[in-house]
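The structure appears right after this line, and notes come after that.
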Amino acid sequence: MNLERYQVKSGRSLMAFEFISEGPKGKVPKIVMYSPTNLQGFYNLGFGDKDKATGLVRDDVVTNNNDSQKVLATVASTVYVFTDKHPDAWVFATGLNRARTRLYRMGLTNNLDEISQDFEVFGLERDEWVEFRKNTEYEAFLVRRKK
């Protein structure tokens with residue numbers, strides 16, 4: 001994607017990515033983590049502020065650093081890197097609440113033409129996975145690299 005994004009750091013496993021959000025609230029460490037689920041080949045994408053004590057994702061924090069589009073573009077860039085290493089992986093994501101899920105949907109919608117060139121994109125609608133459509137509310141999202 002050709003959107004402005006932050007530089008990320010990751011270990012060899014490419015299961016966790018870190019970057020620094022910069023804005024009016026200062027420099028805020030962020031982390032993106034891919035966690036295996038109980039379904040083979042399915043990974044949960046979690047991201048948020050990095051908890052200084054545990055090093056884990058704090059997805060319940062609202063930073064308001066006026067860079068949400070740059071942060072979302074950075075997270076999206078990690079999906080590309082993660083699926084380069086795990087080309088058969090299904091990546092699941094949802095927001096902590098409806099507002100956050102709506103923000104993710106808007107990001108997908110605004111970049112769907114470009115994302116769809118590389119990924120199959122689905123939304124969870126009334127407990128059923130359907131092909132992602134613009135102007136539709138979803139409970140969660142699922143993507144996989146096109147083959």
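Read the figures in this text as sums done on the coordinates, not as results from a lab. A quick note: this is a predicted structure, and the numbers were derived from the prediction, not measured. For neighbour counting, all protein chains shown are included, and Cβ atoms are generated from backbone atoms with ideal geometry for every residue, glycine included.
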**Item:** Rg in Å to one decimal, and Dmax rounded to a whole Å, for the range 9-145 via C-alpha atoms
**Value:** 14.5, 41
**Prompt:** In whole Hz, what ³J(HN,Hα) sequence does the range 138-146 give by Karplus (6.51, -1.76, 1.60; θ = phi - 60°), x for Gly and Pro?
**Reply:** 10, 8, 6, 9, 9, 10, 8, 4, 6
**Prompt:** Among the trypsin sites (Lys or Arg not before Pro) within the range 25-92, which fall in a DSSP loop and have no more than 15 other Cβ atoms within 10 Å of their own Cβ?
**Reply:** LYS25, LYS52
**Asked** Along the range 121-130, what does the Karplus equation 6.51 cos²θ - 1.76 cosθ + 1.60 (θ = phi - 60°) give for ³J(HN,Hα), rounded to whole Hz, x for Gly and Pro?
**Response** 10, 10, x, 8, 10, 6, 6, 9, 7, 10
**Asked** Amide H of SER21: which non-local residues (sequence gap of 5 or more, or other chain) have their own amide H closer than 5 Å, using H built in the peptide plane?
**Response** VAL28, LYS30
**Message:** Let's test the formula: R0 of 25 Å, r as the Cβ-Cβ distance of ASP88 and LEU56. What FRET efficiency results, to the nearest 0.05?
**Reply:** 0.40
**Message:** Among SER35, LEU14, LEU96, whose Cα projects farthest towards the positive end of the dipole of the chain, with charges put on the beta-carbon of Lys, Arg (+1) and Asp, Glu (-1)?
**Reply:** LEU14
**Prompt:** Roughly how big is the chain's charge dipole about its Cα centre, with Cβ charges of +1 (Lys, Arg) and -1 (Asp, Glu), in debye to the nearest 20?
**Reply:** 380 debye
**Request:** Return a whole-number percent for the relative contact order of the chain, with Cα pairs under 8 Å and 6 or more residues apart as the contact set.
**Result:** 19 percent
**Item:** Beta bridge orientation in the range 9-145: antiparallel %, DSSP, nearest 5
**Value:** 90 percent
**Amide H contacts under 5 Å for PHE132, placed H, 5+ residues apart** = VAL121, PHE122, GLY123
**Request:** Kindly provide the helix-only [θ] at 222 nm of the chain, computed as the sum of -39,500 (n - 2.57) over DSSP H runs of four or more divided by all residues, to the nearest 500 deg cm²/dmol?
**Result:** -8000 deg cm²/dmol
